[in-house]
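*Asks:* I have a structure here, written as structure tokens, and I will follow up with some questions on it.
Coordinate-derived values only; no laboratory data. From a predicted model like this one, the values you see are computed outputs, not experimental measurements. Backbone-built Cβ (ideal geometry, glycine too); neighbour counts: all protein chains shown.
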2 protein chains.
Amino acid sequence: MAKQYLLTPGPTPVPVDIQAEMAKPIIHHRTKQYLEIFASVNEGMKKVFKTTQDVLTFTSSGTGAMEASVVNTLSKGDTALVVRGGKFGERFAEICKAYGVNVIAMDIPWGTAPDPKAIAQSLESNKDIKAVFVSLCETSTATVYDIKSIGEVVAKTPAILVVDAISGLGADDLKMDEWHVDATVCGSQKGLMIPPGLAFIAFSKKAWDLAEKSTLPKFYFNAKKYKKALEKSDCPFTPAITLVIGLKMALAKIQEEGVDNYIARHRKNAEFVRAACAKMGLEVYSKSPSFAVTAVKLPATVDGGALIKTCVEKGVRFADGQDTLKGKIVRIAHMGGIGRADLEEALKVLESTLNEMK
Amino acid sequence: MAKQYLLTPGPTPVPVDIQAEMAKPIIHHRTKQYLEIFASVNEGMKKVFKTTQDVLTFTSSGTGAMEASVVNTLSKGDTALVVRGGKFGERFAEICKAYGVNVIAMDIPWGTAPDPKAIAQSLESNKDIKAVFVSLCETSTATVYDIKSIGEVVAKTPAILVVDAISGLGADDLKMDEWHVDATVCGSQKGLMIPPGLAFIAFSKKAWDLAEKSTLPKFYFNAKKYKKALEKSDCPFTPAITLVIGLKMALAKIQEEGVDNYIARHRKNAEFVRAACAKMGLEVYSKSPSFAVTAVKLPATVDGGALIKTCVEKGVRFADGQDTLKGKIVRIAHMGGIGRADLEEALKVLESTLNEMK
């Protein structure tokens, strides 16, 4: 069977040496060997997050860490500003509502990034906003948000800035400490090159201070338990051992390349994909395109679902649009373990399929 | 380096063919291929749970599914009866308290199983008990509870019976439907032969009815979302794909052997370990020993911590006691991928080490 190329924005392909590392005999998590691995992962994650704060590791999908960002910082009846420019902004709002947090929704057109000035105005007119929820890369529209400018705005207020960096981290730059981000949420299966199953969160001092006052109920996602256990390089509950072992190797790769070089390589991949798509006459969908994933508009005559199906038959899997974008865009991931040759092969298949369908 | 034998009650060794299966190129979770795998896992899990109900799969450690059993069935101010005979009974109580559920604790001596009559009496004198929380195997003391008799008692009341079968399932028999269990909680890294990272829950109709009235906040562990997604063999959030793929193979192995033969083999392993320990003069700690793991008392002159350390140096890892049992017992797991030859080797090492230390 021919090689299958996976170009979806999560999961992304896992490098074979990481797969092999995870396939070694399992070890116990309360051993010196494992605790050293876990300590090294925490240090490695700090470099990717660009923070001096601890990075807490949950065994869950990214949504679990999104929930952790809400339940550890807020209390019932608190007010949150949630930017909704796609599926994942919507999810933050749903989590807030599930926990009785009042949501001020800032709905922006899909494919656009929020205007930091609009966030400033909302904070100015709603002094009771405790937290602002945004994405680094809104995966559903392949749009990167200007976190640096939003951070400057939020830092001037008592509110915390929570950033869903699940699909962007490692591809789109995020300087957590320098940009005044108070909570960064991440997942394992995108820019970090390992399978899904781990989620991460780091809190600034401002967020930890808010955590002291938070009364929302929590147990499995109680950040304080994880922070306390981390003092001994431990985890309060049995972790997904094999994934943490894979992550250690992935972080070693990223550090060997250098975090900024890793990000720069994503930028080059993104530019390569966009140039190739432009040659095919495909327009980029987002007004603020991410370096993790590119969404391109399809000609009105082409059925996106059929296009993706045909590409799969040819060995390449892209992602469809979601909700109203279903069938209208194609999302091409170029992050994590996706290499240049994978992209070249995938774009060839995209072009030939488009030509057949036109 | 010599082979390391892992005889801890989670994680347990992962068979090499399952490791290899999980090391194959990762696939996307919204594909026909994956949805078929996930549907097959649900069917296989029903057979292990001995239920006709759906088995929901969370990406989390077992504690996540314990939390799910609380937040999906109860409301703030509800009363729960929690049997505390070890670390994991205590955890149920902590989760209830974190969510504002009143706990009536039934504290029993460690190493004993609860008396079903005492549970009946408690239910009789506290008519507002909404749920009874017990373990199948309380791992910290290697004690199996009489779920069948407890089920008969609870079934006569409006309360639901929640069973933590995280470490027992597959080793200690549990007939969910026949024994009137309303919520069964399980984890992946014990009797199911795969690494940690997945947790499971199945609800009876009685529990689903209670779920309709439950007002505790939840999002990631919202069982209704998982049940709805399962109608299309899907999962609401990105699952730990590689672990689910491993689980499919593990379940195929269990089905090939037959669930009851699999359980019977655990019983034989347990009897083998106990007979060997008796020959060494080691008394079984529990008054109601489990078939998943055996705890034996150490002579007062032997430091358990030192014994375990020496065994590790000889290539065999047992588990120490927890809390007040630390250093006083040794726990020998004999479940999942632990084979007879592993046990023989481990017991030889235990005996030689004991003789050196006496």
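*Asks:* So how far apart, in nm, are the two label points at A:Gln322 and B:Lys148 if each is 7 Å from Cα heading toward Cβ?
*Replies:* It works out to 4.8 nm between the two label points.
*Asks:* Moving on. List, shortest first and in nm to one decimal, how far the label point of B:Thr31 (7 Å from Cα along Cα→Cβ) is from its counterparts in the other copies.
*Replies:* List, nearest first: 3.3 nm.
*Asks:* Determine the shielding of peptide A:54-61 by partner chains: average, over its residues, the number of Cβ atoms on other chains within 10 angstrom of each Cβ.
*Replies:* Mean inter-chain Cβ contacts per residue within 10 Å come to 5.
*Asks:* In nanometres, what is the gap between the two model label sites at A:Thr301 and A:Lys156, each 7 Å from Cα along Cα-to-Cβ?
*Replies:* 5.2
*Asks:* Ok, one more. Could you work out the relative contact order of chain B? I mean the mean sequence separation of Cα pairs under 8 Å and 6+ apart, divided by the number of residues, in percent.
*Replies:* 25
*Asks:* Please list A:67-73, A:43-49 highest first by mean number of surrounding beta-carbon atoms within 10 Å per residue.
*Replies:* The most tightly packed comes first, giving A:67-73, A:43-49.
*Asks:* Rounded if a/c is under 1.5, else prolate if a/b is larger than b/c, else oblate: which is chain B, with a ≥ b ≥ c the root eigenvalues of its Cα gyration tensor?
*Replies:* Verdict is oblate for chain B.
*Asks:* Is it possible to state the helix-based mean residue ellipticity at 222 nm for the protein assembly as shown, with each DSSP H run of 4+ residues giving -39500 (n - 2.57), the sum divided by total residues, to the nearest 500 deg cm²/dmol? What is it?
*Replies:* -13000 deg cm²/dmol
*Asks:* A follow-up question, please. Please tell me which of these pairs span more than 19 angstrom C-alpha to C-alpha: A:Lys24/A:Lys225; B:Lys297/B:Lys358; A:Lys127/A:Lys218?
*Replies:* A:Lys24/A:Lys225; A:Lys127/A:Lys218
*Asks:* Next up: Order these by the 10 Å Cβ neighbour count, fewest first: A:Cys235, A:Cys186.
*Replies:* With the fewest neighbours first, A:Cys235, A:Cys186 line up as A:Cys235, A:Cys186.
*Asks:* Quickly work out the A:Arg30-to-A:Val16 label distance, labels modelled 7 Å from Cα along the C-beta direction, and quote it in nm with one decimal.
*Replies:* Those two pseudo-labels are separated by 3.9 nm.
*Asks:* Right, here's the next one. R0 = 30 Å: FRET efficiency of B:Glu271 with B:Lys117, Cβ-based, nearest 0.05?
*Replies:* The value I calculate is 0.60.
*Asks:* Let me ask something else about it. Distances from A:Ala2 to the same position in the other copies: list them in nm, one decimal, shortest first, using label points 7 Å from Cα along Cα→Cβ.
*Replies:* Between copies, matching label points for A:Ala2 lie 5.2 nm apart.
*Asks:* Tell me which trypsin sites (Lys or Arg not before Pro) from the range A:140-175 have a DSSP coil assignment and no more than 12 other beta carbons within 10 Å of their own.
*Replies:* Answer by residue number: A:Lys156.
*Asks:* Looking at chain B, do any whole DSSP H helices span at least 24 angstrom along their long axis by alpha carbon and average 0.5 or above on Kyte-Doolittle, and which?
*Replies:* What comes out of the filter, once short or polar helices are dropped, is B:241-257.
*Asks:* Evaluate peptide A:62-68: per residue, the Cβ atoms of other protein chains within 10 Å of its Cβ; return the mean as an integer.
*Replies:* 4
*Asks:* Also, I was wondering about something else. Pairs to check: A:Lys227/B:Lys190; A:Lys97/A:Lys130; A:Lys87/A:Lys224. Give those whose C-alpha atoms are more than 20 Å from each other in this structure.
*Replies:* A:Lys227/B:Lys190; A:Lys87/A:Lys224
*Asks:* When only DSSP loop residues count, what trypsin sites (Lys or Arg not before Pro) in the range B:74-103 have their Cβ near at most 13 other Cβ atoms within 10 Å?
*Replies:* For trypsin sites (Lys or Arg not before Pro) across the range B:74-103 that sit outside H, G, I, E and B with at most 13 neighbouring Cβ atoms in 10 Å, the list reads B:Lys76.
*Asks:* Oh, and also: For every other residue with a beta carbon closer than 15 angstrom to the beta carbon of A:Met66, add +1 if it is Lys or Arg and -1 if Asp or Glu, then tell me the sum.
*Replies:* So the surrounding residues net to +2.
*Asks:* Let me ask you something else. Which of the aspartates and glutamates could a cross-linker bridge to B:Lys248, judged by Cα under 17 Å and excluding same-chain residues fewer than eight apart?
*Replies:* The reachable aspartates and glutamates, counting only those whose Cα sits under 17 Å from B:Lys248, are B:Asp17, B:Glu21, B:Glu36, B:Glu43, B:Asp54, B:Asp234, B:Glu256, B:Glu257.
*Asks:* Calculate the mean, over all residues of peptide A:209-222, of how many other protein chain Cβ atoms lie within 10 angstrom of the residue's Cβ.
*Replies:* Rounded to a whole number, the mean comes out at 4.
*Asks:* Sort shortest first the distances from B:Ala98 to its counterpart in every other copy, using label points 7 Å along the Cα-to-beta-carbon line, and give them in nm.
*Replies:* Relative to the other copies, B:Ala98 has label-point distances of 1.5 nm.
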